[in-house]
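Structure record follows, encoded as structure tokens.
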Amino acid sequence: MEEVCIRRYSVTILFRSCNWAERWRFMAVYGPARASERSGLWAELNEIQEQWQGPWIVEGDFNTIRFPLEKNRPTTITTRMRNFSNFIQNVHIIDLPLEGAKYTWTNKQENLVMSRLDRVLISREWYETFPLIYQRELPRPTTDHNPILFEAAET
């Protein structure tokens, strides 16, 4: 670990791998629950990404979905979904498919709501180096979110 940057919605760590000559960034995100604050999340992540050329990973609870099918109840495409997808396209990162489940969060109530709020996003540079990469949902221990296992192997 070479550097840490703590911001309002994220913690970014610069790493230098012992086995891989490349330096890379890992960004842990906790997206705001209030829609009115969400533009601040995208602005923060865009700003950090603009300062970095090289492999990076963005992981966390974004508190929003990208597509209607990422929720167990019918919904239409919303501005929040469009903004999330636009962020992913604008910074040229890859939204890996989630193996093993459709949703990562539940309200754990009788009137059950489930959504995919958690995910791992990777840069194209990361994917080119580690094309055998995936994310898989693990069993939910006690919280309302399922942990996600993220693994990468060199080819």
Exercise. Distance in nm between label sites at Ala21 and Ala33, each 7 Å beyond Cα in the beta-carbon direction?
Worked result: 4.8
Seminar exercise, completed: Per the helix-only model, the chain has a calculated mean residue ellipticity at 222 nm (DSSP H runs of ≥4, -39500 (n - 2.57) each, divided over all residues, rounded to the nearest 500) of -6000 deg cm²/dmol
Exercise. If you rank His92, His145 by fewest surrounding Cβ atoms within 10 Å, what's the result?
Worked result: His92, His145
Exercise. Hey, got a sec? Which trypsin sites (Lys or Arg not before Pro) in segment 17-60 land in a DSSP loop and have at most 12 other Cβ atoms within 10 Å?
Worked result: Arg34
For this session: Give the angle, between 0 and 90 degrees and rounded to the nearest 10, that separates the Cα long axis of helix 79-90 from the longest principal axis of the Cα atoms of the chain.
Result: 20
Problem set entry | Principal semi-axes in Å for segment 26-103 [√(5λ), Cα gyration tensor, largest first] | 22, 16, 11
For this session: Could you tell me which of Asn72, Gly40, Ser17 has its Cα farthest along the dipole of segment 3-153 towards the positive end, charges placed at Cβ (Lys, Arg +1; Asp, Glu -1), taken about the Cα centre?
Result: Asn72
Seminar exercise, completed: Subtracting the Cα-Cα distance of Tyr127 and Thr78 from 0.36 nm times their residue separation yields 14.8 nm
Problem set entry | the chain - share of DSSP beta bridges that are antiparallel (%, nearest 5) | 80
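We did not get these values from a lab; they are worked out from the coordinates using the rules stated. For clarity, every value in this text was computed on a predicted model and none was experimentally measured. Don't worry about glycine lacking a Cβ; one is built from the backbone with ideal geometry, like all the others, and counts go over all protein chains shown.
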